[in-house]
1. Condition test on residue 191, is it touching a Phe, Trp or Tyr at 6+ places or on another chain (Cβ under 9 Å) and within 24 Å of residue 14 (Cα to Cα)?
2. I'm trying to understand the selection: among the residues of the range 47-60, which are within 16 Å of the chain's Cα centre (by Cα) and over 16 Å from residue 155 (Cβ atoms)?
3. Given (1) open to solvent by 30 Å² or more (accessible area, probe 1.4 Å); (2) in contact (Cβ under 8 Å) with a residue 40 or more places away in the chain; (3) assigned to a strand (DSSP E or B); (4) out of contact with any Asp or Glu (no Cβ under 7 Å at 6 or more places or on another chain), where does residue 137 come up short, assuming only one miss?
4. Being in contact with a strand residue (DSSP E or B) (Cβ under 8 Å, 6 or more places away or on another chain) and part of a helix (DSSP H, G or I) is the filter here; which residues of the range 81-92 pass it?
5. Looking at the range 1-57, which of the residues that are in contact with a Leu (Cβ under 7 Å, 6 or more places away or on another chain), among the aromatic types (Phe, Trp, Tyr) and closer than 23 Å to residue 196 by Cα is least open to solvent (accessible area, probe 1.4 Å)?
6. Please list, ordered by residue number, the strands (runs of 3 or more DSSP E) wholly in the range 140-217 having 3 or more residues that are surrounded by fewer than 16 Cβ atoms within 10 Å (Cβ to Cβ).
7. Checking residue 107 against (1) surrounded by 15 or more Cβ atoms within 10 Å (Cβ to Cβ); (2) of a type in the set (A, V, I, L, M); (3) part of a helix (DSSP H, G or I): exactly one of these is not met. Which one?
8. Return yes or no: is residue 128 under 16 Å from the mean Cα position of the chain (by Cα), touching a residue at least 40 places away in the same chain (Cβ under 8 Å) and either open to solvent by less than 50 Å² (accessible area, probe 1.4 Å) or under 24 Å from residue 103 (Cβ atoms) (or both)?
Amino acid sequence: MRLALFDLDNTLLAGDSDHAWGEFLCQRGLVDADSYRARNDAFYEDYLQSRLDVLAYQDFCQELLGRSAMSDLEGWHREFMASHIEPIILAKGEALIRQHRDAGDRVVIITATNRFITAPIARRLGVDTLLATECEMQDGRYTGRCIDVPCFQDGKVTRLERWLAENRQSLDDSYFYSDSRNDMPLLSRVSHPVAVDPDPILREEALKRGWPVISLR
């Protein structure tokens, strides 16, 4: 079965769910807004500039998970979906997912954002297979720590290669849609890389390599 891989943030969404979760926490009064927003914004800028310390960022963004009850987290996430995610789901992105599914392709979302944030979004988009940065759990609660290889930059390739082996899949005739220079390692591995509303560095590289550049906005 042919694979259609999708990045999530700024590809299927008109925004970044990771950064938006931080904004939600600030607006909801669940963290000290001034200090948390400053760190959240700084990490996001590092991501945009392809210099993010992904482990330091995961320590920052998963800390709240480790000190919160699951019932609270689930309730907050439902609010977050309604207030911050539904408004940025791209109709053209949903249509592209349907197009691949109708063609018999297996649709996979592969994202650096952690599974707590992204699993409900993937379900909302009707995508069953999600590769994301993982959150450690013990005794039915989050510990606040990241486990496994973060699904970021070369880590996306590592995580995908493991998944391919476990599921007897291949990248033959595969697609990958992304907006970010951070996804160059994986874009370079698939049969059909597609730059979606790309950042300036990815746009330049896509044009140089003859990759399609599309907009879902």
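1. Working: touching a Phe, Trp or Tyr at 6+ places or on another chain (Cβ under 9 Å): yes; within 24 Å of residue 14 (Cα to Cα): no.
No; evaluated as a whole, the condition is false for this residue.
2. Passing the criteria: only 48.
3. (2)
4. Of the residues in the range 81-92, the ones in contact with a strand residue (DSSP E or B) (Cβ under 8 Å, 6 or more places away or on another chain) are 85, 88-90.
Passing the criteria: 85, 88.
5. 6
6. Output list reads 141-147.
7. Of everything listed in (1) surrounded by 15 or more Cβ atoms within 10 Å (Cβ to Cβ); (2) of a type in the set (A, V, I, L, M); (3) part of a helix (DSSP H, G or I), residue 107 misses just condition (3).
8. Values: under 16 Å from the mean Cα position of the chain (by Cα): yes; touching a residue at least 40 places away in the same chain (Cβ under 8 Å): no; either open to solvent by less than 50 Å² (accessible area, probe 1.4 Å) or under 24 Å from residue 103 (Cβ atoms) (or both): yes.
In short, no.
The values are calculated or read from the model by the stated rules, or taken from the named source; none is laboratory data. On a predicted model such as this, the values are computed, not experimentally measured, just so you know. All Cβ positions, even for glycine, are placed from backbone atoms using ideal geometry, and neighbour counts span all protein chains on display. Only protein heavy atoms, including side chains, enter the accessible area calculation; ligands, DNA and RNA are left aside. Shrake-Rupley method; radii C 1.70, N 1.55, O 1.52, S 1.80 Å.
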